[in-house]
1. Tell me which residues, restricted to the range B:108-119, are surrounded by 15 or more Cβ atoms within 10 Å (Cβ to Cβ) and outside any helix (DSSP H, G or I).
2. All but one of (1) closer than 27 Å to A:LEU30 by Cβ; (2) among the aliphatic types (A, V, I, L, M); (3) more than 10 Å from chain B (Cβ to nearest Cβ); (4) surrounded by 24 or more Cβ atoms within 10 Å (Cβ to Cβ) hold for A:LEU214; which doesn't?
3. Provide a single number: the residues in the range B:120-152 that are surrounded by fewer than 17 Cβ atoms within 10 Å (Cβ to Cβ) and among the aromatic types (Phe, Trp, Tyr).
4. Considering the range B:165-212 alone, what residues qualify as being over 30 Å from A:VAL45 (Cα atoms) and assigned to a loop (DSSP other than H, G, I, E, B)?
5. Can you tell me which of A:ALA102, A:ALA57, A:ALA68 is buried (at least 17 other Cβ atoms within 10 Å of the Cβ) and either modelled with pLDDT under 90 or of a type outside the set (D, E, K, R) (or both)?
6. Say we look at the range B:68-89 and pick out the residues that are of a type in the set (Gly, Ala, Ser) and surrounded by 12 or more Cβ atoms within 10 Å (Cβ to Cβ); which of these is nearest to B:GLY27 (Cα to Cα)?
7. Hey, can you tell me all the residues within the range A:229-244 that are within 11 Å of another protein chain (Cβ to nearest Cβ) and crowded, with 18+ Cβ neighbours inside 10 Å?
8. Of all residues being of a type in the set (Gly, Ala, Ser) and not in a loop (DSSP other than H, G, I, E, B) in the range B:310-325, which is nearest to B:GLU235 (Cα to Cα)? Just the residue, please.
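The values are calculated or read from the model by the stated rules, or taken from the named source; none is laboratory data. It should be emphasised that the depicted structure is a prediction, and the values quoted were computed from it without experimental measurement. Counting neighbours? That spans all protein chains shown, and the Cβs are built from the backbone with ideal geometry, glycine included.
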Amino acid sequence: MEPLLSVAGLVKQYVRTGPAGGSRGILTALDGVTFTLAAGRTLAVVGRSGSGKSTLALCIAGLERPTAGSILVEGRDMASLGATELRALRPRIQLVFQDPAASLNPRFTAEQLVAEPLQVQGRVPARERPGRVRLLMECVGLSAAMRSRTPGEFSGGQRQRLAIARALALEPRVLILDEALSALDCSVQAQIANLVAELQPALRLSCLFITHDLRMAGWLADEIAVMERGRIVEMGSSEAVVESPQHGVTQSLVAAARARGAAPPQAGR
Amino acid sequence: MGSILAVRDLHVAYDSPTAGETIALAGVSFSVEAGEILGILGESGSGKSSLAASLLCLLPSPGRILGGSVVFQGKNLLALGEEELRGIRGACISLIFQEPTLALHPTLRVGRQVEEVLRAHGLPAAARRQNAERVLAALFGTEAARISGSYPHQLSGGQRQRVLIAQAIACGPSLLIADEPTAALDSVTEAEILEIFARLRRELHLALVLITHNPALLAGFADRVLVLYAGQVAEVGPAGAVLAAPQHPYTQALLRCLPPVLTRRETRKPLLPVIPGDAPRMTADAVGCRFEPRCTERMEQCAARSPLLTELAGAHSVSCFKFGG
């Protein structure tokens, strides 16, 4: 079966600018990244700060142009597409960021926020939009009564639900969660992780879960890719990566997760 | 060992012209022993950041301390004037914030910023330079000179957080209060910062109050853990007891939310356990246990009045009617 997303030899370089605006050399954020993601599966990309995880997310979402390499979505190379075709392809891949407070317009109501992508893409007629918005909000566990609230009137977890509803509005095939759980409380992380786990089979969604939290990566993902200095240095099933990490970076990430990992108590049940 | 800080019956509220008065802390009491690491565990809205700020009278407006005392070396800090407080902040008790990028001046070299703290406490120039070099060496070893001459943007998040720690310990305080000091860092850097705190405690006998929303951070690190829920102490005791055998229904539910480190996909449950509902917004007229609406073990008296903190055994106390209350 053809993978839904196929990334090969992906390179992204940035030109570093000096104080006077001149070039101070090249920063290689991605240095030959290759992987595939099948329909309905979850791949976690883990790594330390600065390892290139977020640049990878931006390239796949079509928000950054890769320097070299290819990104195939349903067999079509994003680099070869013109502006119109790219515009048609972009809704297939949606991105949810770490801080929903920063990624949602504070002056929009929940309803406007979820309706905006529908409006921009113009695929859903105006009279059908309120119904679609209600369905999307329900889908992420927000009641219709909350539709006229602004982001400031939601809790952190509810804002992240709203960001997911907005991402799902265009019926994507790939959902990229870029540290989307990292800023949330543990109990809220669990709620959002469950929401993703429940939505995935229902919507046949593939997920790219970008995080430095190996614990949550092991829980949510089928496979884990470990990044370091713009490369994937280790990749395998979640069990294999967590139980027998091979690369030094993976070992230090596993050690950090274990050292701080008191066994969740079963008392009281 | 004796207590170096004693907080008694602390009450804090925020006034809002639209939403009225919101209670952030409702009668919080605890003490910090010399050289101990006390973890304060609380989720968003539990009042943990209000607590950190109140301890040094740095509560931002419209926050108000309604009552209680914070006693340090025999003095109630809440009753001191601004002049006296300035002598205590940094010199006796230091505060470390979550976001090192915001806490550092972007256009000053970090060595100068460490010296600045010493200048504020009246050290002469030569001693300032010497002291700054000494604390930077303690945190950066042989790299200290290079770091000292760098600007914040040239450093990594972990390095910036170490500069903040250098500033915090420069005047030789006996207590550090750190509010989510590792929230902006990746998990490996986070472990490094925790190791630095552990070393400072060993070498300088510094006490640390570490405020966090992440229970995993405290396991194997804190000596004692205090669990804050909706502005009240739900449970407090030795870290081993609170984290491995929690007694308050909230602590139990919170710790169950953490995914296990090891996954066996064929045997595990499909979903993580969650705590139903949201944390409450507290008003002055609230009655009953604050966790009651979300508690799976609620009883009749829970909604009628608030349970008192009751000691079970070995300095492990819980505020829940299951244990008397």
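1. The one that is surrounded by 15 or more Cβ atoms within 10 Å (Cβ to Cβ) and outside any helix (DSSP H, G or I): B:ARG109.
2. Evaluating A:LEU214 over (1) closer than 27 Å to A:LEU30 by Cβ; (2) among the aliphatic types (A, V, I, L, M); (3) more than 10 Å from chain B (Cβ to nearest Cβ); (4) surrounded by 24 or more Cβ atoms within 10 Å (Cβ to Cβ) leaves (3) as the failure.
3. The qualifying residues number 1.
4. B:ALA170, B:CYS171, B:GLY172, B:PRO173, B:SER174, B:HIS205, B:LEU206 - these are the residues of the range B:165-212 that are over 30 Å from A:VAL45 (Cα atoms) and assigned to a loop (DSSP other than H, G, I, E, B).
5. Numbers: A:ALA102 fails: buried (at least 17 other Cβ atoms within 10 Å of the Cβ); A:ALA68 fails: buried (at least 17 other Cβ atoms within 10 Å of the Cβ).
Answer to the selection: A:ALA57.
6. Of the residues in the range B:68-89, the ones of a type in the set (Gly, Ala, Ser) are B:68-69, B:74, B:79, B:81, B:87.
Those left that are additionally surrounded by 12 or more Cβ atoms within 10 Å (Cβ to Cβ): B:68-69, B:87.
Details: B:GLY68: 8, B:SER69: 10, B:GLY87: 27 Å.
Only one residue fits best here, namely B:GLY68.
7. A:SER238, A:VAL241, A:VAL242, listed by residue number.
8. Within the range B:310-325, the subset of a type in the set (Gly, Ala, Ser) is B:313-315, B:317, B:319, B:324-325.
Still in the running and not in a loop (DSSP other than H, G, I, E, B): B:313, B:317.
Working: B:ALA313: 12, B:SER317: 6 Å.
Only one residue tops the list, namely B:SER317.
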